[in-house]
Amino acid sequence: MSTVSSPQEESLASVVIVDYGLGNLRSVTRGLERAGADVEITDDPAAFAAADGVVLPGVGAFREGVENADPLREDLLEVAESGTPLFGICLGMQMLLTTSEEGDNDGESAVQGLDLIPGTNVRFAEGQKVPHMGWNELHVQREHPLVEGIDGNYAYFVHSYYAVPDDQNATVATTDYELEFPSIVANEAGNVFGTQFHPEKSGETGLQILRNFVEICAEE
């Protein structure tokens, strides 16, 4: 894996995007740069520790994501433990939970997520159109700096599984898709959080969320 730095004049915060072989790294980078971050794409744990914030992106299956990121597991847990903001996007958000129905198929045993937000990811029910793809509304359920200014706005989703945290208070925002599911989650400390949707593909709403994230990083 390569390390790529993207200089940003007068950046508000330094943000590392974790490169573990999955994820829409370039578009996430561009979104964060627009939001005022100095962005580095890397798999170097030393860079995680030095950054103001860390982003765990992800596109694909839970098992593949967890297995790819497993060499960095302890380093990501240290990021969370240190209080540094850790932001999971789409699959990256699902990997913040304990496990997933997607990781337990074809007779294989379930793979373990990071367990930073205890819970599991479940598949949409039979009869629902899967994947849930396209624009849908965000309903903020509780205060968190990541969701400032986005209640009632629309974001872009592509997913077949959704998070079910053990603690209902982990749900920051929900979205309706024949059922109400958590579209933004966060841990009790507030420094580990994730969006089921792609902020980098969600226009002004996504840019607002990325700005909020960069501001969280700048304050740490």
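The values are calculated or read from the model by the stated rules, or taken from the named source; none is laboratory data. Keep in mind that this is a model prediction, so the values were computed, not measured. Counting neighbours? That spans all protein chains shown, and the Cβs are built from the backbone with ideal geometry, glycine included. What goes into the accessible areas is simple: the full protein's heavy atoms, side chains included, and nothing from ligands, DNA or RNA. Shrake-Rupley method; radii C 1.70, N 1.55, O 1.52, S 1.80 Å.
Couple of notes before you dig in:
- When residue 112 is tested against (1) open to solvent by less than 10 Å² (accessible area, probe 1.4 Å); (2) within 20 Å of residue 23 (Cα to Cα); (3) in a loop (DSSP other than H, G, I, E, B), exactly one condition is not met: (1).
- Of everything in the range 10-42 that is of a type in the set (Asp, Glu) and more than 22 Å from residue 83 (Cβ to Cβ), the residue that is least open to solvent (accessible area, probe 1.4 Å) is 19.
- Test: residue 95 is without any contact (Cβ under 8 Å) to a residue 60 or more places away in the chain, under 20 Å from residue 156 (Cβ atoms) and open to solvent by 50 Å² or more (accessible area, probe 1.4 Å): no
- Matching option when the condition is more than 23 Å from residue 23 (Cβ to Cβ), modelled with pLDDT under 95 and of a type in the set (Asp, Glu), among 167, 106, 176: 106
- Scope the range 146-164; condition open to solvent by less than 70 Å² (accessible area, probe 1.4 Å) and over 24 Å from residue 62 (Cβ atoms); matching residues: 147, 149, 150, 152, 153
- The residue that is surrounded by the fewest Cβ atoms within 10 Å (Cβ to Cβ), counting only those in the range 179-200 that are touching a strand residue (DSSP E or B) at 6+ places or on another chain (Cβ under 9 Å) and of a type in the set (Asp, Glu), is 180.
- Inter-residue pairs, beta-carbon under 6 Å, first farther than 16 Å from residue 97 by Cα and open to solvent by less than 10 Å² (accessible area, probe 1.4 Å) and in the range 51-80, second at pLDDT 95 or above and in a loop (DSSP other than H, G, I, E, B), 6+ apart: 53/85
- Residue 149 closer than 26 Å to residue 16 by Cα and out of contact with any strand residue (DSSP E or B) (no Cβ under 8 Å at 6 or more places or on another chain): yes
- Within the range 166-186, the set of residues being of a type in the set (S, T, N, Q) and more than 23 Å from residue 60 (Cα to Cα) comprises 168, 169.
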